[in-house]
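Asks: Before anything else, here's the structure in question.
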């Protein structure tokens with residue numbers, strides 16, 4: 001069965017980013033594609049260019065991504081941009097892909113930004129560079145993949161944002177199903 005990995009870049013394992021990605025995963029699974037949510041909360045990732053550090057456990061995550069058909073990154077917005085830990089993860093994934101046969105090429109996915117207010121489009125654009133520079137296929141939705149909320153669970157009340165994310169999940173699954181035939 002086809003599979004999509006959803007990565008939450010939030011330091012809060014039960015914050016808005018995880019909650020939004022869970023809803024996205026439900027939309028993916030409702031369309032016949034398995035979804036697996038991975039949270040970066042609590043992980044201490046080494047920089048993508050740090051080749052001397054020991055194993056931080058992230059290579060196991062990369063191995064799961066390598067076997068997947070889709071990848072969605074959920075980024076909480078702090079200080080007008082996505083968290084550095086998520087960008088480190090995306091850069092590590094990109095480096096692994098380049099070193100291991102470009103496994104991201106033609107994989108379906110895209111970014112999701114969750115913000116209290118400002119910086120959401122900047123964060124979305126920052127994450128989008130990862131997808132475009134790795135030859136990935138990014139489906140659209142009914143609007144930009146942005147959800148607003150501050151307190152845990154508040155993002156789920158952003159009706160337009162959640163409808164956009166759920167439709168995005170449907171479109172990810174739709175494309176994967178079409179590609180896989």
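The values are calculated or read from the model by the stated rules, or taken from the named source; none is laboratory data. Owing to the predicted nature of the structure, the values given are computational and were not obtained by experimental measurement. Every residue, glycine as well, gets a Cβ built from its backbone with ideal geometry; the counts of neighbours run over all protein chains shown.
Asks: Yes or no: the stretch 2-14 includes at least one residue that is farther than 15 Å from residue 165 by Cα, surrounded by fewer than 20 Cβ atoms within 10 Å (Cβ to Cβ) and touching a helix residue (DSSP H, G or I) at 6+ places or on another chain (Cβ under 7 Å).
Replies: Among the residues of the stretch 2-14, at least one is farther than 15 Å from residue 165 by Cα, surrounded by fewer than 20 Cβ atoms within 10 Å (Cβ to Cβ) and touching a helix residue (DSSP H, G or I) at 6+ places or on another chain (Cβ under 7 Å), which makes the answer yes.
Asks: What is the residue count in the stretch 145-170 for residues that are outside any helix (DSSP H, G or I) and either more than 14 Å from the chain's Cα centre (by Cα) or surrounded by fewer than 18 Cβ atoms within 10 Å (Cβ to Cβ) (or both)?
Replies: 7
Asks: Let me ask something additional. In this structure, is residue 105 without any contact (Cβ under 8 Å) to a residue 60 or more places away in the chain, surrounded by 19 or more Cβ atoms within 10 Å (Cβ to Cβ) and closer than 26 Å to residue 26 by Cα?
Replies: Values: without any contact (Cβ under 8 Å) to a residue 60 or more places away in the chain: yes; surrounded by 19 or more Cβ atoms within 10 Å (Cβ to Cβ): no; closer than 26 Å to residue 26 by Cα: yes.
Judged against the criteria, residue 105 is not a match.
Asks: Shifting gears a bit: Within the stretch 32-41, is there a residue that is at pLDDT 95 or above, out of contact with any strand residue (DSSP E or B) (no Cβ under 9 Å at 6 or more places or on another chain) and either farther than 21 Å from residue 148 by Cβ or crowded, with 16+ Cβ neighbours inside 10 Å (or both)?
Replies: yes
Asks: Let me ask something else about it. Taking the condition of being part of a loop (DSSP other than H, G, I, E, B) and touching a residue at least 24 places away in the same chain (Cβ under 8 Å), how many residues in the stretch 50-71 meet it?
Replies: Within the stretch 50-71, residues that are part of a loop (DSSP other than H, G, I, E, B) and touching a residue at least 24 places away in the same chain (Cβ under 8 Å) number 3.
Asks: Can you pull out every residue in the stretch 93-120 that is in a helix (DSSP H, G or I) and closer than 16 Å to residue 149 by Cβ?
Replies: Of the stretch 93-120, the ones in a helix (DSSP H, G or I) are 93-99, 120.
Matches in the stretch 93-120: 120 only.
Asks: Being at negative phi and more than 13 Å from the chain's Cα centre (by Cα) is the filter here; which residues of the stretch 105-124 pass it?
Replies: Answer for the stretch 105-124, where residues must be at negative phi and more than 13 Å from the chain's Cα centre (by Cα): 105, 115, 116, 117, 118, 120, 121, 122.
Asks: Looking at the stretch 74-92, which of its residues are surrounded by fewer than 19 Cβ atoms within 10 Å (Cβ to Cβ), in a helix (DSSP H, G or I) and touching a residue at least 12 places away in the same chain (Cβ under 8 Å)?
Replies: Matches in the stretch 74-92: 85, 91.
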